[in-house]
């Protein structure tokens, strides 16, 4: 039986990384964190700061041409991703406390994080709308039970966790960024590279997410993430001149 391409790429990179200087790997990781932050923060359409300015913000910490909130969203996302990377390395189980910790970092200095919403919210243009706020606690409790009992592959688990948080929208804001960080938490804790959803793929991503929300079909989103993973491995291997 032919070995899965993703698994082949994963093993190939693992072997290459053993022979690669750590400083080179650190630089690749740093560049990805900036691109990932640019994509994730820009995905909602409120904060489309150019990539070069995201990079400048990460270095200078203050850009006069942008609002304090815009800058906080960038810096907080970089901090949250670093936190997720470090936590994933420990391979500790993902729980409610950890999810709330990630959310608190994402919205630090903007509003109180880690607290489930007590209002109803609507997603413009979405077929499926998040549940009534009174149902959030129950839906999240079921979500964490389902995580513990999940029987699928690591990629299916990561996709399920991501899609479920996006569907429930447990917080007032930053649910999309949180869901993407949770996706990467599960990928990295199973020794996969983290991925970013490119802004130009936004419409496809939303369509695949809607398929899960309305039809409970996880496959379109899982396959989308698998393609992104393969491309990420190919990109890193190319960067390492392999």
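Descriptive notes on the structure:
- Any hit, region 56-67, residues being assigned to a helix (DSSP H, G or I) and in contact (Cβ under 8 Å) with a residue 24 or more places away in the chain: yes
- Residue check for residue 220: assigned to a loop (DSSP other than H, G, I, E, B), free of Cβ contacts under 8 Å to residues at least 60 places away in the same chain and buried (at least 16 other Cβ atoms within 10 Å of the Cβ): no
- For region 5-16, the criterion of being outside any helix (DSSP H, G or I) and exposed (fewer than 13 other Cβ atoms within 10 Å of the Cβ) is satisfied by no residue at all.
Only the coordinates and a few stated rules stand behind these numbers; no lab work does. The model shown is predicted, which means the values in this text are computed figures rather than measured ones. Backbone-built Cβ (ideal geometry, glycine too); neighbour counts: all protein chains shown.
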